[in-house]
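None of the figures in this text is laboratory data; all of them are computed from the coordinates on show. Quick caveat, the model's predicted, so the values are computed rather than measured. Backbone-built Cβ (ideal geometry, glycine too); neighbour counts: all protein chains shown.
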Amino acid sequence: MLPSNSDSQQRSLENPDKQTMRVDSTKRNDKLIEVPRKKLNMRLYSESEQKFQDYVNSKIVTISIIALVGAYAILIFVIVALEELLDEIQFNNISSILSWIELGILIVFILEIFVGLYAWGIKKYYKDKWLILDTLIILLSLFFVIFELADQKTSNVIKVIQAVFRFLRIFLLIRKAQTFRRLATISTISTPAEKIVRFLAELKEVLEDENMKLDIDYCIDKIGNNQLYQMGKLDEDNAEAMAWLNQSQQGRADIKRIVTNEQQQQQVQQKKVIANFQKLNIPKRLLDILLKQHDDLYIDPFDCDKLSGGEGLVNLMLFFFENYNLFDVFLIKPKVVRSYFEEVMKGYHDNPYHNKVHAQDVAQTCNFLLSKCKFIEIGQLDEQDIACVLIAGAIHDYGHPGLTNAFLINSRNELALTYNDQSVLEMFHPSQCFKIAWGNQKVNIFENLQFQKYRRIRESIILMVLSTDMAHHASELAITNSRIAAPDFEPNGKDKQRLMDLIVHSSDVSNPTKSFEIYKQWTEKVLTEFWLQGDKERELGLPISYLCNRYTTNTAEAQVGFIDYVVKPTFASILGFLPAYEPFFQNLDKNKAKWQELIEYYKQQLASIQPK
Ligand SMILES: [Zn+2]
């Protein structure tokens, strides 16, 4: 068990004598100060110490320790069980063999402690006070095992103490088992920004100067919020010019701040209205399901669509509008909302995957994260926020042509030309959905909103749909993770929009988190769509995109990779601020194991088909 798992390559600081640091102008005088390294009052690690840290943090060592913990757990269990089962003489023989094994394991644990002490130094290693208790238990256990081996005839008093220690060793095992969790969260991909933030957070731990700690918080904040190149504080005399300069970058943040203040006021005024679903004309069988399962991860989206005669998306959105009192927020009649989402639904093409049922599924998964996983409470979302998330989910793939951005760009498609190859489809989807509304008064759900309110809703929805562009997945996720780890993380304040973006993006890639039966259907659909694109690419002589070659893509292998590299890191972030998601997180591993069993089957399938 280790104090940290950071990559120590980032630890070596280049100039050993002096460090120059910028001091936060909002907290202290805006000047550049030079801090001699000694003043930093921190311990810098030698090359061999760093090597040790890397070694101790490596996956192989972590897995070995976990294996040893498992073996130790079985051993303790066997010792306790045998004590009951076997008679004294027989037990003593076996007992001594078991004690020797236990001695071996304990020695390895002690070596682990020594390596940790060498790599991090006593102060840093024992920063986690529980590690002191771990060390004590291990040392005392070692003492008792040696005592047992030296003298087989133990007195009753010693036996009682030994029993107590067995109990304490179970406590130790539970602590050690936490290493499992650490291993699960070791991201397979990490960006320099994440490494820098992690390094700064560790640096802060060893510093004693409070002002320096404030500076580090400032650095983490700026990196985490992607504000490294933003202009400083407004100069009184040039306020107007500075505001103009900052407009493009700061506009977004300012709006968010205003949203937050207004939302807080609105929350105070919120009235509880009893929902009346009868007036919405939702088909009865669907309504019954939604009343029970509208925030359930395991609802069957295909079934919901069938039960409403192919209008699942419209009915789901009507249900949400009533459930969250959104008709009142938008000052709009159910008839207009129905007409609007009927138009949205019609815009979804009959693609194998990117169709109206996918949109309905994403909106419903967003609701699962908002409601069942309690993001509404954690983010202190008001009705306006809830509306934005659910609408973004519903419209996020509107007009999807069943082709990826890469294809549209490579084939010089008109959409790519219109949006300059930048998030082509993600720009297109919301743009069209706002056009639908403003093009026809009868379907305009935004019509009665105040101008400022409309602007904020529009911006929030657009940001969420843009966040579904996989091209920004890794970088945005890294920034979000930095924010979640930052000391001033505010899920209900300045970080709310970022988390709302993640809610929609993660719902968009959530198939692997569902039941395997539903997940498998989605997988077949998405690959059918990809392969149709691959056929087109082959025809046009374009490079065949990743996963789009029906002759080489192993369905099961592709899903294992998708879970490992995309979905698991995404939902690990969700877990970082929505602890209620925990019981569902394990579905990913369960589904991955099922695909792993199928890899061979799909290999044979691939071998049996030949390119025409
Ligand atoms: Zn989608």
**OP:** Round to the nearest 0.05 the FRET efficiency obtained for SER475 and ASP564 when R0 = 22 Å and r is the Cβ-Cβ distance.
**Re:** 0.75
Subject >> Linear extension gain, LYS442 paired with ASP328, 0.36 nm per residue minus alpha-carbon span >> reply: 39.3 nm
**OP:** On a C-alpha basis, how far is the centre of region 447-494 from the centre of region 100-149 in Å? Whole number, if you could?
**Re:** 46 Å
Original post:
Relative to the present Cα-Cα distance, how much length would full extension add between ALA67 and LEU111 at 0.36 nm per residue of separation?
Top reply: 14.3 nm
Original post:
Can you work out ³J(HN,Hα) from phi for every residue in region 473-481, in order, using Karplus 6.51 cos²θ - 1.76 cosθ + 1.60 and θ = phi - 60°, giving whole Hz and x for Gly and Pro?
Top reply: 3, 5, 5, 5, 5, 4, 5, 4, 4
**OP:** Would you mind getting me the FRET efficiency between GLN610 and GLN450? Use the beta-carbon distance for r and R0 = 51 Å, nearest 0.05.
**Re:** 0.25
Subject >> Rough spin-label spacing in nm, given labels placed 7 Å along Cα→Cβ, for ILE174 and ASP589 >> reply: 1.9 nm
Original post:
What percent do you get for the relative contact order of region 455-534 when only Cα pairs under 8 Å and 6+ apart count?
Top reply: 31 percent
**OP:** Grab the Cα-Cα distance for TYR126 and LYS603, subtract it from 0.36 nm times how many residues apart they are, and report the gain in nm with one decimal.
**Re:** 166.7 nm
Subject >> Inter-probe distance in nm under a simple model that places probes 7 Å from Cα toward Cβ, at ILE161 and SER515 >> reply: 5.6 nm
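With the cut-off at 18 Å, tell me which of the pairs LYS514/LYS568; LYS435/LYS496; LYS124/LYS213; LYS292/LYS590; LYS284/LYS356 have Cα atoms farther apart than that.
Over 18 Å Cα-Cα: LYS435/LYS496; LYS292/LYS590; LYS284/LYS356.
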